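Enquirer: Below is one structure. I have some questions about it.
The values are calculated or read from the model by the stated rules, or taken from the named source; none is laboratory data. None of these values were measured; they are calculated from a predicted model. A quick note on method: Cβ atoms are made from the backbone with ideal geometry, for glycine too, and the neighbour counts reach across all protein chains shown.
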Amino acid sequence: MVQLFADFGLATVFLKMMKTTKTIRMTEIIVEKTATLYVRNQRSYFGWCARCEAETRMITPYIAAQIKGVSTEEIYNRIETEQIHFEEINEGILLVCLSSLLS
């Protein structure tokens with residue numbers, strides 16, 4: 001049957017057009033992700049954050065780095081630039097305010 005249409009120029013052009021047209025469908029998928037943070041009591045303490053002016057959970061810089069997925073050096077840099085609140089307790093132990101870390 002295609003050979004029959006090959007004799008007619010207009011039908012041949014129509015068949016070629018049918019073969020070359022494509023329908024493109026795009027689907028957009030949006031994924032929302034929520035996370036739950038669990039902090040064990042052995043490694044966190046409740047303390048007063050002077051900058052938050054509230055009692056809040058305080059954690060070590062090491063745990064703060066694990067939560068944010070950065071190095072401890074990055075946590076210390078954020079402390080120096082006052083992006084994260086901290087308190088220094090007895091014997092020079094540094095604790096980071098969890099509220100400021102997550103905001």
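Enquirer: Under 6 Å by Cβ, and 6 or more places apart or on different chains, what pairs join a residue from the stretch 70-84 that is closer than 14 Å to residue 94 by Cβ with one that is among the hydrophobic types (A, V, I, L, M, F, W, C)?
Expert: From the stretch 70-84, the pairs are 72/65; 75/64; 75/65; 78/84; 79/86; 84/96; 84/101.
Enquirer: Continuing with the same structure: List the pairs whose first member sits in the stretch 34-60 and is farther than 16 Å from residue 82 by Cα, whose second member is surrounded by 12 or more Cβ atoms within 10 Å (Cβ to Cβ) and modelled with pLDDT under 70, and whose Cβ atoms are under 6 Å apart, counting only residues at least 6 apart or on separate chains?
Expert: Short answer, once both residue conditions are applied: 57/44; 59/44.
Enquirer: Just name the residue that is farthest from the chain's Cα centre (by Cα) out of those in the stretch 80-103 that are among the small types (Gly, Ala, Ser) and at pLDDT below 90.
Expert: 92
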